[in-house]
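Chemist: First the structure, which I've put down as structure tokens, then a few questions once you've had a look.
The values are calculated or read from the model by the stated rules, or taken from the named source; none is laboratory data. The structure displayed is predicted, hence computed values, not measured ones. Don't worry about glycine lacking a Cβ; one is built from the backbone with ideal geometry, like all the others, and counts go over all protein chains shown. Side chains are part of the model used for accessible areas, which takes the heavy atoms of the whole protein and leaves out ligands, DNA and RNA. Shrake-Rupley method; radii C 1.70, N 1.55, O 1.52, S 1.80 Å.
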Amino acid sequence: MTSADNDLERRAIDLVEAALCVDAAQRKAFIEDAAGDDDRLRQRALAILRAGADNQRSLQTGGGLADAMSEAMPYEIGGFKIEREIGRGGMGAVYLARRPGADFDHAVAIKVVRSAASVRLLERLRFERRTLAQLKHPNIAQMYDGGETPDGEPYFVMEYAPGAPLHLHLKNNAPSLMARLDIFSNICASVAYAHKNLVIHRDLAPSNILITDEGNVKLIDFGIAQSLEEEDDALASALTMTEGYGAPERLKGAPASTITDVYSLGVILRELIEGQSAPRPADLAAIAAKASASQPEERYPTVDALMADLNAYREGRAVSAVDKGWPYEAVRFAGRRKFAVGAGVLAAIAVIASSVIMSVLYIRTDAAEERALRRFDEARALAAFMIFDIYDDVTQLDGSLTVREKIVSTSLDYLDALSATPESSAALRVEIARGYQRLAEVAGNPGSVNLGRRAEASELLAKAAEQIEFARTSSDANAEALRAYATINRALGTLEWTSKGNFDKARENYAAAEAALSRLLKMPEAGIDDRVLDGAVSLGLSQSLRFLGEYEESIAQAQRGVAKLETLQEEHPNDFDTLFNLAHAYIYLGEAHTSKDMQADILPEASLSHFDKGVAMLRSLASAENAAPLTRAQYISGLLKRSFSACQIDYARAQGVDDLNKAEALTRSILDIEPDNDLFNERLSYILYVKSECQNKLGDVEAAIATAEDLLRRRQAQVAREPENPDYLEHLYRTHYLLADIAKQQGDWPAACAGFDHAEAAMKRVASLIDAPADYQKENLRNLEDLLHDCGSRNL
Amino acid sequence: MTVTDIPSDIIRRWRDGDSDARDRLFTILYNEFAAIASTLLRRQTAPVSLATSDLVNEAVIRIFNASDLEIVDRTHLLALSARVMRQVLLDAARRRNRQKRRGLIVTLSDAQGGAASGNADYEALERALVRLTAIDPERADIVEMRYFGGLTVEEIALIKDVSISTIKRKWEAARLWLKDALEHDISG
């Protein structure tokens, strides 16, 4: 660029600037006149003036940032050519797009979610798109397709419905009250339809409700918020809920549910009736107030109930919102009352459950009718929603035990009814099996936060296994069946191992799970969860082998688990489940080394480095602000396991006691909140056992006895509750033995012999309850016989 | 360095021509804006109400409160903020374009893509602005303050010590020149 060029440009701009002072119509002539015979100046000035002729809004004042944000507008997504941006919301941008070369003009709306998406989120969104694609309703913008852009951003291809969002429609057209109620009825009908298909909207607001140019209602953005919330807790309330329309309990972390959608509908109804000139009918205000009550249990339990009341009003009948004397004016937005965890969910469950069970009973009596079949499908969908979606949401809240219990009992009724139906397709069997398995998990598999009823859990898992058994032998079992089979067998293995002490059976279950997984992992449908499960199954095998005394093989399996999970960690360094299981792999490897060395009478020093790795990982996972209760439990468990080894070693014993004190304090603080949680109660008992031993080794006999007596009371209470649980009885045996052994070391033979007597009684009971006592159990009994023989010879 | 670390006399030193003080202010503002801009650009979640000028003014107010500042300094600080914002957005665009090239992503690469569709191609805009600075630094300054900093014509008039109507005319003409330059940008 020469200075002569620059000079020309400068003169051209000056000329244009002068031309801007005259009327737009005369600017061209002004320039031509002023430029005289300077052709280059004239051409440049006119070119610059023309640049503004298209009236394009560009280079707006302060537009730098906004333009930068829209710069990333893509050219093409999923075979659709992007035409322009038509909206921008909390989670990303929406574009108008067309299929190039299509025979007919097919415009779609494509929503691109700006998110640093994890593999897990993408998998979840894929699943969700399939669910949403099945929603076919005239008032719901149809979901066609979706995927991920090459940048990894998830997108949804949806029906394009030109029109105005509800609030603008109301402002521009001022529709009559009757027209407003028609709109609201259509909104309700589509939301009710979605609820029956397992989909919660989660962000119902006027901006998500379109009135098309033809005057039809179209709801957009159904359910899309869900996966994003799960992905990013920080985003949950702030970005996926439109302010003023989200239920108040959601701000406090409660999950979205059908009842939170009811709340949003209530607010929308209120705005519909307040925003028009006709007098506000009191009945309508009452309906709106009841729907948007700040207490979830005071709202309509379902959208259908809300619609029923609305129809009653329209037909001139009495509405329930007024009948029951709802203090609607006072209730509305009354505000900051304490939210009862899960109350709204409970209300929804009760209604859903009864309709589900009714439907199932109905189909059993009248199976041939098409209508019955359709209701059957709806019922299945609803039950799955209850068992999987709601329960998952609820477990994230501390102190939600009662709600969980309610979910279990209603779901179980449903599954039993479903099992007895004549239909026997593989897909249905998989679904029933998964349902039972989930309930078992809930009821008392010690591997998850649960209600602590192992006998019930065992029964449920047996039912699940029965339904899914076909997957083992069927060569055409699909990915879903294999996944269910592996999951259920792993759960069975864990139950056999931890609750029944049947390690051989546990090993068989784990091996069966592993075989199914090796088939599944070769399929394209295999995802990260399946690989994590595969690692976890190796760990289960390692644990059962350890209890069977096959230490070398136990170490080898733990190392396989470590290797699988470390590979996965390299690919997904931030995936929680991978890290969580890898931490366990290190811990289990440490335990396998400990067992091996202890058996060979060697100090378990080799285990310490593995424990250190595992405990460090668990500590960082558990210290995350939003750490789940289970993660905290497992951190405690890691501390405990390391301390067990450390207490064997003179130089590490101080560290061991330190770990134990940390673990005990953490456990007690959690039990303060949820005193009946079996998982944490179990941990506390185990901590007390190890602590007593460690204290004894340190020479603090008095403290050791006090700790052991505390433990004995806990173990006795457990056995009183489930007298035939061999696991609990074996714990009781160990505690008696612990106390007796301390006494024996002190030369207090009368106390020792009384203790050994109790221990023997407990162990004999264990032996009578299990099919075949393991070698170590027989050894324990022989040992006790010898000790009691000594006592006999002392006349005690 | 954050706003709270600002020495109270930094604005005075900057106004007195202390280039070290200017660089420190630049760094502080850069960090402030870059953090906000990267969040917004990544998530594309800017609330509609959050305009560039709010962002810039917010930062200036924070610096203002943290330092011993006269009212007249505020406008100079706003001008500096505009320059910082330009740099932040340019860096972000370069980063994004590098990533796209690496991933072989085709987005808006056709010649008319940039200004014609209402989107700014920042690297092209930067080239045009650099050229405008060579042609007429005063107009380039005005564009920077107005487009990147969201300054009002009154504020710019105060800084440039000319009439408001002059600023308005210069801004309009400079905009037209830039649009023309962006439409004929061939080095992209």
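Chemist: Quick one: how many residues across region A:645-686 are farther than 26 Å from A:Glu722 by Cα and not acidic (Asp, Glu)?
Modeler: Of region A:645-686, the ones farther than 26 Å from A:Glu722 by Cα are A:645-663, A:665-666.
Okay, now just the ones that are also not acidic (Asp, Glu), so A:645-649, A:651-657, A:660-663, A:665-666.
So the count comes out to 18.
Chemist: Continuing with this model, one more query. Of the conditions (1) closer than 18 Å to A:Ser607 by Cβ; (2) touching a residue at least 60 places away in the same chain (Cβ under 8 Å), A:Tyr651 fails just one. Which one is it?
Modeler: For A:Tyr651, the exception is condition (2).
Chemist: Does A:Ser518 qualify as being in a helix (DSSP H, G or I) and open to solvent by 10 Å² or more (accessible area, probe 1.4 Å)?
Modeler: It is true that A:Ser518 is in a helix (DSSP H, G or I) and open to solvent by 10 Å² or more (accessible area, probe 1.4 Å).
Chemist: Among the helices (runs of 4 or more DSSP H) lying completely within region A:144-239, list those that include at least 1 residues that are within 30 Å of the chain's Cα centre (by Cα) and at pLDDT below 80.
Modeler: Filter on region A:144-239 gives A:177-196, A:225-231.
Chemist: Next up: If the requirement is being open to solvent by 10 Å² or more (accessible area, probe 1.4 Å), over 14 Å from the mean Cα position of the chain (by Cα) and among the acidic types (Asp, Glu), which of these qualifies: B:Glu126, B:Glu154? Give the derivation first.
Modeler: Working: B:Glu126 fails: over 14 Å from the mean Cα position of the chain (by Cα).
Just a single option satisfies the conditions, and that option is B:Glu154.
Chemist: Mind checking whether some residue in region A:614-636 is part of a helix (DSSP H, G or I), in contact with a Pro (Cβ under 9 Å, 6 or more places away or on another chain) and open to solvent by 30 Å² or more (accessible area, probe 1.4 Å)?
Modeler: Checked region A:614-636: no residue is part of a helix (DSSP H, G or I), in contact with a Pro (Cβ under 9 Å, 6 or more places away or on another chain) and open to solvent by 30 Å² or more (accessible area, probe 1.4 Å).
Chemist: Here's a follow-up. Tell me the helices (runs of 4 or more DSSP H) entirely within region A:710-796 that contain at least 1 residues that are in contact with a Gly (Cβ under 7 Å, 6 or more places away or on another chain).
Modeler: A:726-745, A:775-793
Chemist: Do you know which residues across region B:150-188 are in a loop (DSSP other than H, G, I, E, B) and within 7 Å of chain A (Cβ to nearest Cβ)? Break it down into steps so the answer makes sense when it comes.
Modeler: Of all residues in region B:150-188, those in a loop (DSSP other than H, G, I, E, B) come to B:150-152, B:161-163, B:184-188.
Hit for region B:150-188 is B:Gly150, nothing else.
Chemist: Same structure again: Just to be sure before I move on: is A:Asp577 in a loop (DSSP other than H, G, I, E, B) and open to solvent by 10 Å² or more (accessible area, probe 1.4 Å) in the structure I sent?
Modeler: Taking the combined requirement at face value, the residue does not satisfy it.
Chemist: Of all residues in region A:1-49, count the ones that are surrounded by fewer than 16 Cβ atoms within 10 Å (Cβ to Cβ), in a helix (DSSP H, G or I), of a type outside the set (S, T, N, Q) and within 9 Å of chain B (Cβ to nearest Cβ).
Modeler: 2
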